[in-house]
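The values are calculated or read from the model by the stated rules, or taken from the named source; none is laboratory data. Just so you know, these numbers come straight off a predicted model, no measurement behind them. Note: ideal-geometry Cβ built from the backbone for every residue, glycine included; neighbour counts use all protein chains shown.
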């Protein structure tokens, strides 16, 4: 009955697909590869409990009071030092703003940059949450193909020429949903192709720290230290805790100022208790040691999934072999609908996300996303076995 | 240098006025009546510390994991029971969604309802944060005069007739910035005037519980239990802690569903640790007893401010005598600019918010907002005395 009051933007926002799936998967009999949840055993519960008591004793009322929109200085300082050390960047506090998870960063960037109909280039497939967030600002998406080692450069050049996008949104490390990572060469080629374009480049990096193979080097971002038109997004969701909803934006200080204005109008500031808590945790613990535990865990789980797929899936079913992050991407034979497979799989008590919501304007695709971070190896093996049954039927 | 990339909406968002003021007031020598901060001694620190340790022990990893967009069931259940009991409403869980502070509720309502140019009726003056939030959705504001006992009914009728607003935003209890409260009769008259209009009515109520005089009855909302087109906003910021950024929307479940879609795209969900913490605090403590302590505190502070103004201000300076909430509203003689007064006052080490940002499209007004919740009585008296000096000059 309220239909006539609702805005155009909200009516065209893709929403319920994944939420509906997650509802189905509430059934405890179902093995779900659908979510994107960290393994709860990876949360540093003991350390966080020590930190919460310490900040309560140390800071008193401050952890409960209103605070500044940009975020807690000590937390931003930690981010600055980590990026400068780990990635050879040259950040100051003015380059960082704390957001209510990375999802809010996307919302704020939408507010700050997108006029109705502005072209936004995204990967094909891209992160669903970005499509939802920017849809609310009436972005006009153009998708550029992903290949094994990053963006398809010919496709990229054509997209730039045909559409002159104002923004590009890329996930260069362990992409969601595909698990793919841009190679060093690909990053250079992408930068060469875009560097003279009138375009802001957003690089979202929630999974970059979850690099399974220590011998793999940390790759610089596309155009890192070479362009002031770069925006980097980071998050504590996958390396400490997602429940605290703390992410951040790194960018030129003029851009950060505008994002601050948008944030003030959106939620004043992010939970300050959570900021004190995470900051205290970070400054008093060895984050790298903690991340290294998570990486070991996820590497084992990823290998269990890959191994089970190799064992149980027919040769005409392809899948990515992620070297980090949380997802593998499965490509079914041409013409096979992942949505139809989902209906069959759910009867076998196994779930995943069909590829559809990661694309703009196409349906019944033959791809799907599997998450391996939120189940132990035996469960993963059992789930893949279950999934292989309806796969044989199609 | 990024000017050309920024969206139209962000460029026209009023922003920095209050933030600039708050920066000036960082100087510890300044007595600031500018903010809207609760008195930190009102935070139940001991109880919250007990609650945080209890939830850590009781719920383990759940308090750190991703969670549902609508919010924690037990927290929503508390809200449902409180409103049903205290206000005779008939809510269920489907009528409530948790937001990242009330400010986010405004942002989400903007997303869900406002198309570019949609008319939104607000009080004159209105809450600055609402003007900022809805500005980002290109709302076209129309302001309706406030009088001593609520909305000016003639002005309201004219506004409705001339502009046919799609949304109205009102703060019926201890309004921000004026401290005024709509009388029972005025509420009825407002509802009579709007009930056949094609309009959604938002009633924001962050201060309603801060009713200083227990003999004053709790007034029903405008059209309470009589209209499904009502949206109510509430918050834990003024009665427990603002730092946790937890507010909520109460509305028809069809509206809540749409707000949920908007929220999913905006920050996935609000800090779940904070939701567990506040929920545990609420279910294990006597909120009314706690609120009664805050009310006593603020009543004393309000009376100190009113008394000091009566003593120190000339007769041609008018001010409201709030019976609850956090603010008094001062009206200077005609033609006197509050912004100019601010410049003089700051030299005397006292600050306030000039009225300008609470209006749409008018400047150099002769009104200003004073907050009395964030200082003790002696400081308030000294601040008003300091303020009276430049007042004498003008």
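For segment A:36-52, check the following and say yes or no: at least one residue is assigned to a loop (DSSP other than H, G, I, E, B), within 30 Å of residue B:199 (Cβ to Cβ) and in the same structural domain as residue A:385 (by TED's automatic domain parsing).
no
Of the conditions (1) modelled with pLDDT of 95 or more; (2) more than 8 Å from every other protein chain (Cβ to nearest Cβ), residue A:20 satisfies every one except a single condition; which number is it?
Failing condition for residue A:20: (1).
When you look at residue B:272, is it surrounded by fewer than 24 Cβ atoms within 10 Å (Cβ to Cβ) and within 14 Å of another protein chain (Cβ to nearest Cβ), yes or no?
Spelling it out, it is not the case that residue B:272 is surrounded by fewer than 24 Cβ atoms within 10 Å (Cβ to Cβ) and within 14 Å of another protein chain (Cβ to nearest Cβ).
Do we find that residue B:256 is assigned by TED's automatic domain parsing to the domain that holds residue B:205, over 30 Å from residue A:276 (Cα atoms) and touching a strand residue (DSSP E or B) at 6+ places or on another chain (Cβ under 8 Å) in this structure?
yes
State all residues of segment A:93-140 that are crowded, with 24+ Cβ neighbours inside 10 Å, assigned to a strand (DSSP E or B) and without any contact (Cβ under 8 Å) to a residue 40 or more places away in the chain; if no residue qualifies, say none.
Correct list: empty.
Considering segment A:49-64 alone, what residues qualify as being within 7 Å of another protein chain (Cβ to nearest Cβ) and either closer than 30 Å to residue A:178 by Cβ or buried (at least 19 other Cβ atoms within 10 Å of the Cβ) (or both)?
A:52, A:56, A:63, A:64
Could you say which residue among B:25, B:68 is within 12 Å of chain A (Cβ to nearest Cβ) and either modelled with pLDDT under 95 or in contact with a strand residue (DSSP E or B) (Cβ under 9 Å, 6 or more places away or on another chain) (or both)?
Testing whether each residue is within 12 Å of chain A (Cβ to nearest Cβ) and either modelled with pLDDT under 95 or in contact with a strand residue (DSSP E or B) (Cβ under 9 Å, 6 or more places away or on another chain) (or both) leaves just B:68.
Which of (1) part of a helix (DSSP H, G or I); (2) within 16 Å of residue A:319 (Cβ to Cβ); (3) touching a strand residue (DSSP E or B) at 6+ places or on another chain (Cβ under 6 Å) does residue A:369 not meet, given it meets every other one?
(1)
Right, residue A:302: farther than 24 Å from residue A:105 by Cα, at pLDDT 95 or above and either in the same structural domain as residue A:82 (by TED's automatic domain parsing) or surrounded by 21 or more Cβ atoms within 10 Å (Cβ to Cβ) (or both) or not?
When the stated conditions are applied, residue A:302 passes them.
Which of the residues spanning segment A:227-236 are out of contact with any strand residue (DSSP E or B) (no Cβ under 6 Å at 6 or more places or on another chain) and within 11 Å of chain B (Cβ to nearest Cβ)?
Those that are out of contact with any strand residue (DSSP E or B) (no Cβ under 6 Å at 6 or more places or on another chain) and within 11 Å of chain B (Cβ to nearest Cβ): A:228, A:236.
Can you spot a residue in segment A:144-151 that is in the same structural domain as residue A:79 (by TED's automatic domain parsing) and closer than 20 Å to residue A:88 by Cβ?
Among the residues of segment A:144-151, not one is in the same structural domain as residue A:79 (by TED's automatic domain parsing) and closer than 20 Å to residue A:88 by Cβ, which makes the answer no.
Looking only at segment B:91-99, decide whether some residue is at the interface with chain A (Cβ under 10 Å from one of its Cβ atoms), modelled with pLDDT of 95 or more and touching a helix residue (DSSP H, G or I) at 6+ places or on another chain (Cβ under 7 Å).
Yes, because at least one residue in segment B:91-99 is at the interface with chain A (Cβ under 10 Å from one of its Cβ atoms), modelled with pLDDT of 95 or more and touching a helix residue (DSSP H, G or I) at 6+ places or on another chain (Cβ under 7 Å).
Only one of (1) in a loop (DSSP other than H, G, I, E, B); (2) crowded, with 22+ Cβ neighbours inside 10 Å; (3) under 22 Å from the mean Cα position of the chain (by Cα) is not met by residue B:67, so which one is it?
(3)
If a residue has to be over 28 Å from residue B:14 (Cα atoms), out of contact with any helix residue (DSSP H, G or I) (no Cβ under 7 Å at 6 or more places or on another chain) and surrounded by 19 or more Cβ atoms within 10 Å (Cβ to Cβ) to count, how many in segment B:353-382 make the cut?
Total meeting the criteria: 0.
So, in segment B:275-293, exactly how many residues are within 14 Å of another protein chain (Cβ to nearest Cβ) and surrounded by fewer than 22 Cβ atoms within 10 Å (Cβ to Cβ)?
1
Working carefully through the options A:206, A:177, find the one that is away from chain B (no Cβ under 14 Å), assigned to a loop (DSSP other than H, G, I, E, B) and surrounded by 23 or more Cβ atoms within 10 Å (Cβ to Cβ).
From the options A:206, A:177, the qualifying one is A:177.
Residue B:37: surrounded by fewer than 21 Cβ atoms within 10 Å (Cβ to Cβ), under 19 Å from the mean Cα position of the chain (by Cα) and touching a residue at least 40 places away in the same chain (Cβ under 8 Å), yes or no?
yes
Out of (1) more than 7 Å from every other protein chain (Cβ to nearest Cβ); (2) touching a residue at least 40 places away in the same chain (Cβ under 8 Å); (3) assigned to a helix (DSSP H, G or I), what's the single condition that is false for residue B:77?
So the condition that residue B:77 fails would be (2).
Of everything in segment A:135-174 that's closer than 25 Å to residue B:263 by Cβ and touching a strand residue (DSSP E or B) at 6+ places or on another chain (Cβ under 6 Å), which residue is nearest to the other protein chains (Cβ to nearest Cβ)?
Looking at residues that are closer than 25 Å to residue B:263 by Cβ and touching a strand residue (DSSP E or B) at 6+ places or on another chain (Cβ under 6 Å), I get A:167.
If you check every pair at least six apart or on different chains, which have Cβ atoms under 9 Å apart with a residue in segment B:237-266 that is more than 7 Å from every other protein chain (Cβ to nearest Cβ) and closer than 16 Å to residue B:67 by Cα first and a residue that is modelled with pLDDT under 95 and in a helix (DSSP H, G or I) second?
Matching pairs, first to second residue: B:260/A:19.
Look through A:156, A:170, A:160 and report the one residue that is assigned by TED's automatic domain parsing to the domain that holds residue A:255 and under 18 Å from the mean Cα position of the chain (by Cα).
Matching residue, one of A:156, A:170, A:160: A:170.
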